[in-house]
Amino acid sequence: MAENLSIPVISTISARGVLPDDHPLSFNFLAGQHIWKRVDVALVVGTRFTAPGLAWGRQQDVEIIRIDIEEGAIRRPVLSDIELVTSADKGLQAIVDLIPANGVDRSSYLDFCNQVAQAVAEKLSTLKPLPALAGALRAALPEDGTVVADVTQLGSYVRYALPAYQPRTIMGPGYQATLGYALPAALGAKLADPTRPIVAVCGDGGFMFTLQELATAVQHNISVVIVILDNASFGNVKTIQAASYGARHIAVDLTNPDFVALGESFGIRSCRVESAKLFEAELTQALAADAPRLIVVPIGTVPSIWDLIKRPPSQGVVAN
């Protein structure tokens, strides 16, 4: 349908890979919030629609066509002009069957979309060292490999900006944003599909919520790769506090164990790497192993990705 109509597809962080990111009509959520400025009709499929509905503005100027399998959800957080209460696949197929390719020239509009995407990419490149670490992760992981990302700084970068080429290859805790999600969810994902490479991206704080699952990984020989970004803090919260209160921090600094020694104590081959290049090399080897592996990556202060995201007022100041 997107190709027939030459229209951009904006994927939420829970739908990454629904259209491959190397497809010319695929745009991530960070670009989407700016593309929205020039949208007159939006087809909304299977999403809560929270950010566009509450934070992106122009609600009165955009005609909303919505597909959702749950009748009670299709009118939240804003009403739609047209409602299709059905599953995503059936709803989309019905539209495809009714609307032929129209041959409309949207090259100018798509040029605008690509300029927006490039501007977002340039802003993302300033969040060092996250782009290099994410690049190493993408280089080591095959297209069908799955990244299970916790609510950590690299995890947030991954969910919004890591290129995804297949559906369900970037997983996260969704709107709940629960710390400690990545490790147990990665174990479950590996058990569900043992042929698929799985990487859990954890922050040091979130990892401590569910570190006991290392025992589960060893006991059942679940061959996931656990990556721990170690900055001895709840990094996302610390950067948000810094933006709001300057130098005043509350309950965000951590006293951590030696994560390499911790992993080894469970019988997991573990290592610490100091660069993106070494991270890629170790990750490549770990993905080839038939056993769990643990990689610790020290990380310093990182600029906040949240400054690039327009959020509902209840979740903080809305970006310009």
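With 51, 2 as the choices, which residue is crowded, with 17+ Cβ neighbours inside 10 Å and either within 21 Å of residue 103 (Cβ to Cβ) or of a type outside the set (S, T, N, Q) (or both)?
On the way: 2 fails: crowded, with 17+ Cβ neighbours inside 10 Å.
Answer to the selection: 51.
Using the structure shown, decide if residue 40 is surrounded by fewer than 18 Cβ atoms within 10 Å (Cβ to Cβ) and without any contact (Cβ under 8 Å) to a residue 24 or more places away in the chain.
yes
Could you check residue 157 against (1) at pLDDT below 95; (2) over 21 Å from residue 28 (Cα atoms) and say which number it fails?
Going through the list (1) at pLDDT below 95; (2) over 21 Å from residue 28 (Cα atoms), residue 157 breaks only (2).
Which residues, counting only those in the range 132-157, are touching a helix residue (DSSP H, G or I) at 6+ places or on another chain (Cβ under 6 Å) and assigned to a helix (DSSP H, G or I)?
132, 133, 134, 136, 139, 140, 153, 154, 156, 157
Looking only at the range 115-128, filter to residues that are touching a residue at least 12 places away in the same chain (Cβ under 8 Å) and more than 17 Å from the chain's Cα centre (by Cα); which one of those is surrounded by the fewest Cβ atoms within 10 Å (Cβ to Cβ)?
126
Quick check on my filter: what residues within the range 210-241 are more than 11 Å from residue 294 (Cβ to Cβ), among the hydrophobic types (A, V, I, L, M, F, W, C), in contact (Cβ under 8 Å) with a residue 60 or more places away in the chain and surrounded by 20 or more Cβ atoms within 10 Å (Cβ to Cβ)?
Residues of the range 210-241 more than 11 Å from residue 294 (Cβ to Cβ): 210, 212-213, 215-216, 219-223, 229-241.
Right, trim to among the hydrophobic types (A, V, I, L, M, F, W, C) and you get 215, 222, 229, 232, 234, 237, 240.
Filter again for in contact (Cβ under 8 Å) with a residue 60 or more places away in the chain, leaving 222, 229, 240.
Listed by number, the list holds a single entry, 229.
Consider residue 179 carefully, then state whether it is over 11 Å from the mean Cα position of the chain (by Cα) and in contact (Cβ under 8 Å) with a residue 12 or more places away in the chain.
Numbers: over 11 Å from the mean Cα position of the chain (by Cα): yes; in contact (Cβ under 8 Å) with a residue 12 or more places away in the chain: yes.
Here the answer is yes, as residue 179 does meet what is asked.
Quick one: which residue in 97, 89, 111 is outside the structural domain of residue 181 (by TED's automatic domain parsing), within 19 Å of residue 168 (Cβ to Cβ) and either of a type in the set (Ser, Thr, Tyr) or in a helix (DSSP H, G or I) (or both)?
On the way: 97 fails: within 19 Å of residue 168 (Cβ to Cβ); 111 fails: within 19 Å of residue 168 (Cβ to Cβ).
89 is the lone residue from the list that is outside the structural domain of residue 181 (by TED's automatic domain parsing), within 19 Å of residue 168 (Cβ to Cβ) and either of a type in the set (Ser, Thr, Tyr) or in a helix (DSSP H, G or I) (or both).
Going by the structure shown, is residue 168 of a type in the set (Lys, Arg), on the phi > 0 side of the Ramachandran plot and surrounded by fewer than 21 Cβ atoms within 10 Å (Cβ to Cβ)?
Working: of a type in the set (Lys, Arg): yes; on the phi > 0 side of the Ramachandran plot: yes; surrounded by fewer than 21 Cβ atoms within 10 Å (Cβ to Cβ): yes.
Taking the combined requirement at face value, the residue satisfies it.
What number of residues within the range 276-288 satisfy the criterion of being free of Cβ contacts under 8 Å to residues at least 60 places away in the same chain and of a type in the set (S, T, N, Q)?
Residues that pass the stated criteria total 1.
What's the total number of residues in the range 274-305 that are assigned to a helix (DSSP H, G or I) and surrounded by 17 or more Cβ atoms within 10 Å (Cβ to Cβ)?
Keep residues of the range 274-305 that are assigned to a helix (DSSP H, G or I), which gives 276-287, 305.
When the remaining residues are screened for being surrounded by 17 or more Cβ atoms within 10 Å (Cβ to Cβ), the result is 276, 279-280, 282-283, 286-287, 305.
Number satisfying all stated conditions: 8.
What are the residues in the range 88-103 that are surrounded by 13 or more Cβ atoms within 10 Å (Cβ to Cβ) and without any contact (Cβ under 8 Å) to a residue 40 or more places away in the chain, if any?
Residues satisfying the conditions are 93, 94.
Can you name the residue in the range 232-249 that is of a type in the set (A, V, I, L, M) and under 26 Å from the mean Cα position of the chain (by Cα) and, of all such residues, is modelled with the highest pLDDT?
237
Search the range 132-157 for residues that are in the same structural domain as residue 194 (by TED's automatic domain parsing) and pair each with any residue that is among the aromatic types (Phe, Trp, Tyr) and buried (at least 17 other Cβ atoms within 10 Å of the Cβ) when their beta-carbon atoms are under 7 Å apart and the residues are at least 6 apart or on different chains.
Sorted first by the residue in the range 132-157, then by its partner, the pairs are 133/279; 134/157; 136/279; 143/165; 150/181.
Name the pairs whose Cβ atoms lie under 6 Å apart, with the first residue in the range 43-62 and in the same structural domain as residue 8 (by TED's automatic domain parsing), the second assigned to a helix (DSSP H, G or I), and 6 or more positions between them or separate chains?
What qualifies is 45/88; 46/88; 56/33; 56/36.
With the checklist (1) closer than 17 Å to residue 26 by Cα; (2) surrounded by 14 or more Cβ atoms within 10 Å (Cβ to Cβ); (3) touching a Phe, Trp or Tyr at 6+ places or on another chain (Cβ under 8 Å) in hand, flag the one item residue 106 doesn't pass.
Just one mismatch for residue 106, condition (3).
The values are calculated or read from the model by the stated rules, or taken from the named source; none is laboratory data. Being a predicted model, the structure only gives us computed values, none of them experimental. Here the Cβ is made from the backbone with ideal geometry for all residues, glycine too, and neighbour counts use every protein chain on show.
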